[in-house]
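The values are calculated or read from the model by the stated rules, or taken from the named source; none is laboratory data. Predicted, not measured: the structure shown is a model, and the values here were computed from it. Neighbour counts run over all protein chains shown; Cβ positions are idealised from the backbone, glycine included. Just the protein is used for accessible areas: all its heavy atoms, side chains included, with ligands, DNA and RNA removed. Shrake-Rupley method; radii C 1.70, N 1.55, O 1.52, S 1.80 Å.
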Amino acid sequence: MAVRPKSPDYVIFFAIIGLLGFGIVMVYSSSAVSAYVNYNDSYYFLKRQMIWATLGLLAMLFTMNVDYHAWRKLAKPAMIITLILLVLVLVPGLGKVVNGARRWLGFGSLYLQPSEIAKLSMVLFTANSLAKSQDKIGSFIKGVVPQLLMLLVVFGLILKEPDLGTALVIGGTVFILLFAAGARLSHLGSLGALGVAGIVAAIIAEPYRLKRLLAFSDPWADPLNSGYHIIQSLYAIGSGGLFGVGLGRSREKFLYLPEPHTDFIFAILGEELGFIGTATVIILFFLFAWRGFKIAISAPDIFGSLLAGGITSIIVLQALMNIAVVTASMPVTGIPLPFISFGGSALIFTLAGVGILLNISRYVNMK
């Protein structure tokens, strides 16, 4: 007898609404100055974030009401489309270059970031593939290598943009899915060692990445260049104290801290809302992680379990990396904070993924 879907997990739903609320407020607060300087409109980024948030919520409501099993049929087509987009974005004249990175496709003010689609499609593809090959997961050649081949292609294309942060998030998520599916620890250990070696090679191969690594170890050695981001971010967070300097009263957003409404929005949040504000955001992410992984553990089938675990992991890993960068806990890499940072396709596809997670929760007995 078919299982009748229940109500979705409201802890996740309201945690996401809370994070979106923080995001909309902080996007306006952190971007008002630069928006006025560059576009003569303090509300420039706020208006766009409101549109993206609305579209994202509609996408979440849609996927929340679609049986998650239906997405299995789209796993391969979605991956093919993603690969095509990842190739097209690298073509000169098609991909838009911003700050030396070619990550966007589109025209006018409408742009799509293929790597954001890659996050969701890679989780869907890997969950479906691992669910089909459960009896082979103990074999490195038959169970693990097929997942690695697709990962290497996607990783390489995203690294070419270049976008090491997103590539690492996707790689880390696939590693977690392999572990959840039952891959041998010896295989995972070997892959982990090779992955670390590959990351080191990628850093050494690009001078700007090596500079960021050196700046991470001692940002004050080059305070006006490679260490500038980290120093200004720490100034922002440090000046916030317990309660912050007050909403809208940040000093770092007056063109001192680069990317205050995207990659470093958490620093502005810490400056204006203090420890209380940052702790609240971290708690909301913790609630999302707790319920998301609980859904993964309790899902009625292996595909649902892996899909829920993958969606939760990719969001949580990205949040951890962003917060680690902003707090100087890891070298600078350009990656936004989910639900909080300004962004179009990132917000829409992330919320669409949350909707799938909420649909899985409708078939789980949550307490």
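Starting from the alpha-carbon convex hull of segment 113-268, give the projected area averaged over all orientations, in nm².
11.6 nm²
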Kirkwood Rh, Cα atoms: Rg over Rh of segment 212-367: 1.05
Give me the base-10 log of I(q)/I(0) for segment 96-135 at each q in 0.25, 0.30 Å⁻¹, Debye formula, one uniform scatterer per Cα, rounded to two decimals. -0.81, -0.96
Is any helix in the chain, taking whole DSSP H runs, at least 27 angstrom long along its axis by alpha carbon and on average at least -0.5 on the Kyte-Doolittle scale, and which ones? 10-39, 44-64, 185-205, 265-298, 302-326
Consider all pairwise Cα distances in segment 225-305 and report the whole-number % of them above 14 Å. 66 percent
Is the shape of segment 280-333 best called rounded, prolate or oblate, per the rule: a/c under 1.5 gives rounded, else a/b larger than b/c gives prolate, else oblate, with a ≥ b ≥ c the square roots of the Cα gyration tensor eigenvalues? oblate
Debye, to nearest 20: dipole size of the chain, +1 on Lys, Arg Cβ, -1 on Asp, Glu Cβ: 940 debye
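Within the accessible area of segment 1-126, what % is carbon and sulfur when the probe is 1.4 Å and the other protein chains stay in place?
Numbers: 4640 of 6650 Å².
Of all accessible area on segment 1-126, carbon and sulfur atoms account for 70 percent.
Where the eigenvalues come from the Cα gyration tensor of segment 316-365, what are the semi-axes √(5λ) of the equivalent ellipsoid, largest first, in whole Å?
Each semi-axis is √(5λ); the values are 27, 14, 6 Å.
Work the Kirkwood hydrodynamic radius out for segment 1-94: mean of 1/r over every pair of different alpha-carbon atoms, inverted, in Å.
17.0 Å
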Could you work out the local net charge near residue 94, counting Lys and Arg as +1, Asp and Glu as -1, over the other residues with Cβ closer than 15 Å to its Cβ? +3
Computed ³J(HN,Hα) along segment 332-343: with the Karplus parameters 6.51/-1.76/1.60, θ = phi - 60°, integer Hz and x for glycine or proline, the list is 5, 9, x, 8, x, 8, x, 6, 9, 5, 5, x
Segment 146-207 to segment 58-117: how many Å between their Cα centroids? 20 Å
Which shape class applies to segment 161-206: rounded if a/c is under 1.5, otherwise prolate when a/b exceeds b/c and oblate if not, where a ≥ b ≥ c are the square roots of the Cα gyration tensor eigenvalues? oblate
Per residue of segment 243-251, what does 6.51 cos²θ - 1.76 cosθ + 1.60 with θ = phi - 60° give for ³J(HN,Hα)? Whole Hz please, x for Gly and Pro, Karplus curve as stated. 10, x, 7, x, 4, x, 10, 4, 9
Percent of C-alpha pairs per 10 Å bin, segment 69-202, short to long: 12, 40, 32, 13, 2
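Averaging the inverse of every distinct alpha carbon separation and then flipping it gives the Kirkwood radius. What is it for the chain, in angstrom units? Spell out each step's value before the answer.
Values: mean 1/r = 0.0473 Å⁻¹.
Final number for the Kirkwood radius of the chain is 21.1 Å.
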So what is the accessible area of the chain per residue, in Å², with the probe set to 1.4 Å? 45 Å²
With DNA, RNA and ligands ignored, accessible area of residue 278 (1.4 Å probe; Å², nearest 10): 20 Å²
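For segment 62-130, what is the per residue volume of the convex hull drawn over the alpha-carbon atoms, in cubic angstrom?
106 Å³
Over the chain, what relative contact order in percent results from Cα pairs under 8 Å that are six or more residues apart?
Rounded, it is 29 percent for the chain.
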Find which of 351, 94, 129 sits farthest along the positive direction of the dipole of the chain, computed with +1 on the beta-carbon of Lys and Arg, -1 on that of Asp and Glu, about the Cα centre. 129
Residue 90: accessible area at probe 1.4 Å, nearest 10 Å²? 50 Å²
DSSP bridge orientation in segment 36-163 - percent antiparallel, rounded to nearest 5: 90 percent
Ignoring ligands, DNA and RNA, please state the percent of accessible area on segment 242-367 from carbon and sulfur, probe 1.4 Å. 69 percent
Counting only residues 5 or more apart in sequence or on a different chain, those whose built amide H sits under 5 Å from that of residue 103 are 96, 98
